[in-house]
Amino acid sequence: MADNSCTPTLDGLVGYDEAVQRLVAKAGRLGGRREVGLREALGEVLAESVISRIDVPGWDYSAMDGYAVRADECASAPVTLPVSQRVPAGAVPSPLAEGTAARIFTGAPIPPGADSIVMQEVCEALDTAVTIGRAVENGENIRRRGEDIALGSEVIAAGTRLAPQHIGLAAAVGIDRLSVVRRPRVALFASGDELVMPGEPLPPGKIYNSNLFTATALLQALGCEVVDLGIVEDSLDATRTALADGASQADLVLASGGVSVGEEDHVKPAVESLGSLDMWRLAIRPGKPLAFGHIGDVPFIGSPGNPVSLFVTFLLFVRPYILRLQGREDWQPVFWRARADFDWPRPDRRREFHRGRAYRCDDGQIRVAVHPSRSSGVLSSVTWANGLVVLPESQKVVAGEEVDFLPFCELLS
């Protein structure tokens, strides 16, 4: 039986917060993992936490170029000490002889017996000695063993999507291979007899199929493998065949279009004939219809066919669902706060995720403009924008007020 227990809002519509929480709660975890080398790990999701096998640094070392000394021998500055050894980075120093200094360089191990580093700027180098011009504090300019990373500590948590800095950190603790989550396989198709593939002639009454390519790129940006099922004609048999084909090959089936209840919308009966389906009419704009269900045991998400609605629905719902499949905890987007440079005198009863462009003013404040069109068919608006302005239900906005803003750089990762 379909689970229709989402809390309704106005006119039976489901609120954004409720819908996304319930959708994410339905996401299982991908089975299987694989090992990759560091050079292949960028963008993968870590399946097993990285535990350091070493201390970093592995020894006490000098934080700068200067001289290693005993602080108590420099208490009555100025003092002149013979230089007994030279310690570059990578060297293994000898114990520091009493009454001497060691010439030392940034990153070099501290000689046993030394307890402080005097920066070279307060020293006067002589032929075989050094004059230290001020008193020295014990422990000065020394970086201690393990102060960055301690042996046995977790340095990268499971569920992390690996960025360049994570790769470098794994290398710093000597790890050359990482256990990562298997990439989700998502089967994708677009419904509509009006659709034509780019590059083909465009007959009267037809449109080019942008949704298939938008959704493919969005999935690839999240590290998914895409099973491209192409364009599916507006018929129940063709839709049912595509759904079954996708479910046999993928961890998730995603459909664009055909999820309403019109005569030419066949996704709902097709999914119900193969499994189960919830139809959620969302209290958001754009993107009212959203379908979630199962084809056998394989989850299915159906999104609107209008190109902007598809784009917004993917970012708000499909993205967090896929992130949870991958085991990621950071599925909730981070909102910015920005000043509106627009008036919004006629708010909708639904929450609007309007296309916005954030920019920094001369005074350092971040302000955001909105695209003049509210149409969900104006795909050029999402290239004009660099994020989504969140306009609360039934709430007017006056220029200068703070609004929530979801940047695409946050949503497309």
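Computed about its Cα centre, the charge dipole of the chain is approximately 400 debye, with only Lys, Arg, Asp and Glu carrying charge at their Cβ.
As an exercise, use a Förster radius of 45 Å and the Cβ-Cβ distance of ASN138 and LEU38 to find the FRET efficiency, rounded to the nearest 0.05. Write out the running numbers ahead of the final one.
Numbers: r = 39 Å, r/R0 = 0.88.
Rounded to the nearest 0.05, the efficiency is 0.70.
Restricting to the chain, what percent of DSSP beta bridges are antiparallel, rounded to 5? So the antiparallel bridges in the chain amount to around 70 percent. Helix 236-247 and the long axis of the chain differ in direction by around 20°, with both axes built from C-alpha atoms.
Over segment 61-143, the pair-distance histogram of Cα-Cα distances with 10 Å bins from zero comes to 22, 61, 17, 0 percent, rounded to whole numbers.
Partner lysines whose Cα lies under 28 Å from the Cα of LYS26, excluding those fewer than 8 positions away in the same chain, are identified as LYS268, LYS288. Tell me, how many Å apart are the Cα centres for segment 275-332 and for segment 5-84? Using only Cα atoms to place each centre, the spacing works out to 30 Å.
Its alpha carbons give the chain an Rg and a Dmax of 30.4, 95 Å.
Peptides 147-159, 278-290: what's the order by average Cβ count within 10 Å, highest mean first?
Numbers: 147-159: 14.9, 278-290: 21.7.
In descending order of packing, they fall as 278-290, 147-159.
Rounded to the nearest whole angstrom, the semi-axes of the ellipsoid equivalent to segment 336-405, taken from the Cα gyration tensor as √(5λ), stand at 18, 16, 9, largest first.
Hey, what angle do you get for helix 16-25 against the long axis of the chain, alpha-carbon based, 0 to 90 degrees rounded to 10? Orientation of helix 16-25: about 70 degrees from the principal axis.
Remark on segment 142-262: ratio of C-alpha radius of gyration to 2.2 N^0.38 Å is 1.64. Contact order for segment 61-143, expressed relative to its length and based on alpha carbon pairs under 8 Å spaced 6+ residues apart, stands at 43 percent. From helices alone, the chain scores -5000 deg cm²/dmol at 222 nm; the rule is -39500 (n - 2.57) for each run of n ≥ 4 DSSP H residues, then divide by the residue total.
Rounded to the nearest 0.05, what FRET efficiency do THR241 and SER375 give with R0 = 30 Å and r taken as the Cβ-Cβ distance? Could you check? E between THR241 and SER375, to the nearest 0.05, is 0.35. To the nearest ten degrees, helix 211-221 and the longest principal axis of the Cα atoms of the chain are 20 degrees apart.
FRET efficiency for GLU124 and ALA171, Cβ-Cβ distance as r, R0 = 45 Å, nearest 0.05? Show your work: numbers first, answer last.
Numbers: r = 40 Å, r/R0 = 0.89.
So, using R0 = 45 Å, E works out to roughly 0.65.
Laboratory data are not the source of any read-out in this text; all were calculated from the coordinates shown. Keep in mind the model is a prediction, meaning the values are calculated, not measured. Positions of Cβ are backbone-derived with ideal geometry, glycine not excepted, and every protein chain shown enters the neighbour counts.
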